[in-house]
1. Taking amide hydrogens as modeled 1.01 Å from N in the peptide plane, which residues meet the under 5 Å criterion relative to V125, leaving out close sequence neighbours?
2. Using R₀ = 35 Å, calculate the FRET efficiency as 1/(1 + (r/R₀)^6) where r is the Cβ-Cβ separation of A136 and Q337; round to 0.05.
3. Which length gain, in nm to one decimal place, applies between Q261 and A247 when the Cα-Cα distance is subtracted from 0.36 nm times their residue separation?
4. Between W221 and residues 5 or more places away or on another chain, which pairs have amide H atoms under 5 Å apart, with H built 1.01 Å from N, and which residues are they?
5. From the phi of every residue in the stretch 205-218, what ³J(HN,Hα) in whole Hz does the Karplus formula 6.51 cos²θ - 1.76 cosθ + 1.60 yield, where θ is phi - 60° and glycine or proline is x?
6. Once amide H atoms are built 1.01 Å from N in the peptide plane, which residues 5 or more positions from A89, or in another chain, come under 5 Å H to H?
7. In debye, nearest 20: dipole of the stretch 282-359 around its Cα centre with unit charges on the Cβ of K, R (+) and D, E (-)?
8. Distance from the Cα centre of the stretch 273-320 to that of the stretch 185-238, in angstrom?
Amino acid sequence: MATRRELPPPHAPHTPQIPDAQGTPRAPGAPDTPHTPGSPDSARVPGAPDPAHEQSPTPLVLVACSGGADSMALASALAFEAPKLGIRAGAVTVDHGLQPGSELRAAEVVARMTALGLDPIESLVVHVGRDGGPEAAARDARYAALDEAADRHGAAAVLLGHTRDDQAETVLLGLARGSGIRSLSGMAAVSGADGRYRRPFLHLDRQTARKACMVQSLPVWDDPHNADPAYTRSRLRHEGLPALEKALGKGVVEALARTAQLSRDDADALDAWAAQAEASVRDAKGLLECAKLFALPPAVRRRIVRRAAIEAGAPAGALFARHIEEVDRLITGWRGQGAINLPGKVVAQRQGGRLVIRQG
């Protein structure tokens, strides 16, 4: 759960004049008036519809800004482009509370967003749990906060500052986990419910974003966690990728980003094939028939198995390739073996030529 930090009134903010957007098609879920922290609607339940957001034809786009070079460059670009596009531009910064002085950093980001003319602006405090490790837990808390803010403001989209370098790191992390082609596809340019999250900088390198801040004299904050070797991504960024470039030459980042796009195209095609084939491998009762599953290509069959496990309650983030391989052997290497325990207290077993996946 995210907690909104009350923001002090900004000193003489400059708010850009948004051109009249009459006649412009309204984006799904678009709000009509900016939300002002401290106003009566602050007490609304997060996610509940706001009557004040039901008449404006001007969509709102939020940028998630940590204060780093990537997100600062993106916030500046949004502030510059929004008036020309006839949209409202706001910002959200998330305070994970993992470092001393994090509340000061959040306040500084709010001040910078105000100077850019963004409105509304929110600073959200989140509690980071422990599930999946510190990096995954922080990411889960951050996205939950961003979802809550987007719902509350009726934002049409939330922009994220991930760059081509981030994409390359994500591909390598997926390769190290052995999680399959979907993991190698990295981050999508558009993701989330109804395409809420957009990553317009995936084709830009990290250095370009930093240079954009320099030429505009935009202050940036360098997260010390990004240089902490205790974190896997930090080690990959400062040790792994430089070692690969030293061994293989320049262009590794670009090649990995290209691999992500090619892998995503393949994964999307296989997902579509599996979705179409699933009905044909179920019997009249809806149970999966092992003989028909066996006849499918392994990549299609395992996608059907994975989807069935998730529908039975297995958390997608905890369901790894090794789990699916074990279940797959119930189909391809049946020797009377017992049930397979999956995350989420889900059990998979073969019964009478059927693959049964359910809560244990």
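1. Under 5 Å from the amide H of V125: T3, R4, R5, D95.
2. That pair, A136 with Q337, gives E of 0.65.
3. 2.7 nm
4. Here G68, A69 satisfy the definition.
5. Working through the residues one at a time gives 7, 4, 5, 5, 4, 5, 5, 4, 5, 5, 5, 9, 6, 8 Hz.
6. Under 5 Å from the amide H of A89: V61, D119.
7. With only Lys, Arg, Asp and Glu charged at Cβ, the dipole is about 60 debye.
8. Here the two parts' Cα centres lie 35 Å apart.
Throughout, read-outs are computed from the coordinates displayed, never taken from laboratory work. Fair warning: this is a prediction, and the values are worked out from it, not measured in the lab. Note: ideal-geometry Cβ built from the backbone for every residue, glycine included; neighbour counts use all protein chains shown.
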